[in-house]
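What follows is a set of notes on a single structure, which appears directly below.
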Amino acid sequence: MVSRRTVIQAAIAGSAAMIFKAASAQTGSWPEATVRIIVPFSVGGASDVLTRLLAAKLQAKLGQSFIVDNRTGAGGNIGMEVVRSAKPDGYTIASATVGTLSINEFLFSKMSYDPARDFEYVSMIWENCNVFVVAAEHPAKTVQEFLVWARKQPNGVSYGSAGIGTTPHLAGELFRARTGIQAQHIPFRGASQSMPALLAGDTNFAIDNIASYMGLIRAGKVRALAVTSAERFPTLPQVPTMAQAGIPDFIVTSWGTFVLPKGTPAPIVAKLSVALKEIANDPAVKQRFLDTGARAIWSSPQDAATFAQKERVKWKEVVQLSGAKLD
């Protein structure tokens, strides 16, 4: 004789199966309409350019339009809030970065989103590093030569960045702390202003995004002394890492990660992740990314979330060291 409890359990199991089947049917055909990718930064920047390359590839692979929508302001926080508050149906993606996921919470006293709790992580999508550069006329040919020169300057040295709280600013502060030199930060309103200052001798060095400086490096207008990645970067294989240049424990990378609003169904997250993995493994895509100064990468959703958390630990220390605040 079948007990009442067995009947109830069977009914519950049957209902759960029906719900799962309905959910699978709903998400299995995703996407069925235009997907919007929010870039929290301006048109033309590294994040924007790389995201547009991915959007075109996703459109070709998944058969729907993937459009890029730039929502700028507050160091990327405005764009991230757009995604946080969006419907969790897979049609709004954030092209997030190291800043929006691992730095901003330490620069702003209040944020409308929690980078660890408010999103479903999909995959890391790109990575590049910073490069230590001096003007071509500078006497230093290595980082150690630069340090010898810097310590002889009676008023110390200066470095420029694209603004307070950016990785070039924080990398400069980390360099100052690691080496003990006297270095003053000169913030500019973007790389378009900080680069001419270095060329003119108004600042003495920069540890800026490798993509921003590749043109000047290739033209011989600035000299690259070290890269901030763990290994030599493929676009500058002749340039040593900071560790090889004598500055240990100095890894500064910029990176991008796709995230979705919290509660987005797991099948959608998985389908997008698989598509991004296939795109990242395409040799033509790898070369396109290298041409812009970045590496195309992929990670599992869990690995992307874990990496962002590890980065928070590092950047919290660096931001506190710098004393930087943006409100």
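So the values come out like this:
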quantity	calculated
Hits in the range 276-319 (condition: more than 21 Å from Cys129 (Cβ to Cβ) and either β-branched (Val, Ile, Thr) or not assigned by TED's automatic domain parsing to the domain that holds Lys110 (or both))	Ile279
Condition check for Gly156: small (Gly, Ala, Ser), at pLDDT 95 or above and surrounded by 13 or more Cβ atoms within 10 Å (Cβ to Cβ)	yes
Matching option when the condition is crowded, with 18+ Cβ neighbours inside 10 Å, in a strand (DSSP E or B) and hydroxyl-bearing (Ser, Thr, Tyr), among Ser194, Ser123, Ser212	Ser123
Filtered residues of the range 151-177 (kept if polar (S, T, N, Q) and closer than 14 Å to Ser254 by Cα)	Thr166, Thr167
Helices (runs of 4 or more DSSP H) completely within the range 261-327 that count 2 or more residues being hydroxyl-bearing (Ser, Thr, Tyr)	301-322
Single match in Leu225, Leu236 (criterion: assigned to a loop (DSSP other than H, G, I, E, B), crowded, with 16+ Cβ neighbours inside 10 Å and not β-branched (Val, Ile, Thr))	Leu236
Candidates Thr203, Thr167, Thr179 - the one that is modelled with pLDDT under 95 and within 23 Å of Gln144 (Cα to Cα)	Thr167
Exclusive hit being assigned to a strand (DSSP E or B), touching a Phe, Trp or Tyr at 6+ places or on another chain (Cβ under 6 Å) and either on the phi > 0 side of the Ramachandran plot or buried (at least 20 other Cβ atoms within 10 Å of the Cβ) (or both), set Ile93, Ile103	Ile93
Flag if Ala33 is farther than 22 Å from Arg117 by Cβ and surrounded by fewer than 20 Cβ atoms within 10 Å (Cβ to Cβ)	yes
Filter result for Lys87 (more than 15 Å from the chain's Cα centre (by Cα), modelled with pLDDT under 95 and either surrounded by fewer than 20 Cβ atoms within 10 Å (Cβ to Cβ) or not assigned by TED's automatic domain parsing to the domain that holds Val313 (or both))	no
Exclusive hit being at pLDDT below 95, part of a loop (DSSP other than H, G, I, E, B) and among the aliphatic types (A, V, I, L, M), set Ile247, Ile251	Ile251
Residue match in the range 130-144 (condition: out of contact with any helix residue (DSSP H, G or I) (no Cβ under 8 Å at 6 or more places or on another chain), outside any loop (DSSP other than H, G, I, E, B), more than 21 Å from Leu107 (Cα to Cα) and not hydroxyl-bearing (Ser, Thr, Tyr))	yes
Failed item, numbered, when Gly172 is tested on (1) without any contact (Cβ under 8 Å) to a residue 40 or more places away in the chain; (2) over 22 Å from the mean Cα position of the chain (by Cα); (3) closer than 30 Å to Gln238 by Cβ	(2)
Selected residue [touching a strand residue (DSSP E or B) at 6+ places or on another chain (Cβ under 9 Å) and in the same structural domain as Phe66 (by TED's automatic domain parsing)] from Val269, Val222	Val269
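The values are calculated or read from the model by the stated rules, or taken from the named source; none is laboratory data. Quick caveat, the model's predicted, so the values are computed rather than measured. Quick reminder, even Gly has a Cβ in these numbers, built from the backbone with ideal geometry, and neighbours come from all protein chains shown.
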